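The values are calculated or read from the model by the stated rules, or taken from the named source; none is laboratory data. For clarity, every value in this text was computed on a predicted model and none was experimentally measured. Cβ placement follows ideal geometry from the backbone for every residue including glycine, while neighbour counts extend to all protein chains displayed. Please note that ligands, DNA and RNA were not included when accessible areas were found on the heavy atoms of the full protein model with its side chains. Shrake-Rupley method; radii C 1.70, N 1.55, O 1.52, S 1.80 Å.
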Amino acid sequence: MIRNHQFQQQDLLKLSSSVSKIIKRYFGKGPSNCYATFYEARLTIYINKFATPAETVLVQNNKIAIAHSFRMAVMEHVAEEIKDKVDSLFGVRFDSQYSDWDFELDSGIIMMEKCSSKKAFQNVEMPLLANLKKQINQVSALVHKTPTNISVFKVSPKLYGVKCEGVMYQIEKTLYEKGHLDILHQCSIEIKKNYQKHLDSFEKVFGRTIEGLFIIWDYKNEENYIFFSLQ
């Protein structure tokens with residue numbers, strides 16, 4: 001099911017079905033759920049329950065980094081097909097794609113956007129906006145560079161996103177320029193673990209239980225997106 005008021009429902013259902021089929025073709029199993037939203041030239045897709053037996057074994061044997069590397073390599077091809085499908089359905093061509101996964105929950109986020117969508121946007125009212133920004137600043141100060149700017153957006157009733165700009169230290173910029181994405185990815189895993197340690201604080205902000213937390217990194221533009229999936 002895809003929620004968006006800008007497009008015809010039948011087109012959104014086609015996209016949902018197409019994404020599931022594309023994932024099944026590459027992973028041998030389609031997702032149990034696929035929720036997508038197109039907002040401000042960004043496509044956000046929340047999917048779950050399609051981990052392969054090989055990925056499950058890797059995770060069970062504490063080889064999560066290998067599972068992530070495998071998933072990211074395959075998702076590069078999946079994302080290209082999804083972009084082609086969106087282009088054919090909506091006439092929108094995305095310039096970049098990002099993703100993050102939680103193998104324990106067997107769920108993940110795929111985000112695609114156009115260069116023209118880099119502007120900040122917010123559709124969340126106070127006091128949630130102020131409290132969430134405050135909590136992001138407090139946690140980020142403990143685990144990585146405090147953002148120079150934060151914007152919050154509501155993807156759906158159960159999914160909120162936070163765009164954090166200016167989140168990279170000079171050493172991280174250098175690693176990216178030198179092509180050491182493997183090191184940056186390891187760092188991102190540790191940063192995510194630290195955010196997860198503070199889930200109770202974020203749950204107090206939302207007043208709801210957080211089912212999953214995802215962090216997508218855009219190293220080129222020195223920013224990240226944090227997504228909170230609520231129960």
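List of remarks:
- Accessible area per residue in Å² at 1.4 Å probe, computed on segment 110-226: 49
- In percent, rounded to a whole number, the relative contact order of segment 88-191 is 17, using alpha-carbon pairs under 8 Å and six or more apart.
- Neighbourhood net charge (15 Å Cβ-Cβ; Lys/Arg +1, Asp/Glu -1) for Leu105: -1
- For segment 44-175: rounded, prolate or oblate by the Cα gyration tensor [a/c cutoff 1.5]: oblate
- Surface composition of segment 133-209: carbon plus sulfur atoms hold 51% of the accessible area, using a 1.4 angstrom probe and ignoring ligands, DNA and RNA.
- Isotropic mean projected area of the C-alpha convex hull, the chain (nm²): 12.1
- Summing charges over neighbours of Lys193, with a neighbour being any other residue whose Cβ is under 14 Å away from its Cβ, gives -2 when K and R count +1 and D and E count -1.
- With protein chains left intact and a 1.4 Å probe, residues in segment 51-93 average 54 Å² of accessible area per residue.
- Put a dot 7 Å past the Cα of Met72, heading toward its Cβ, do the same for His198, and the two dots end up 2.3 nm apart.
- Protection proxy ranking of 20-31, 102-113, by the mean of other Cβ atoms within 10 Å over each peptide's residues and highest first, is 102-113, 20-31.
- Charge tally for Val139 (other residues, Cβ to Cβ under 14 Å; Lys, Arg +1; Asp, Glu -1): +4.
- Net lengthening on full extension, His180/Arg93 (0.36 nm per residue, minus Cα-Cα): 28.5 nm
- Here the relative contact order of the chain, from alpha carbon pairs under 8 Å that lie six or more residues apart, stands at 16 percent.
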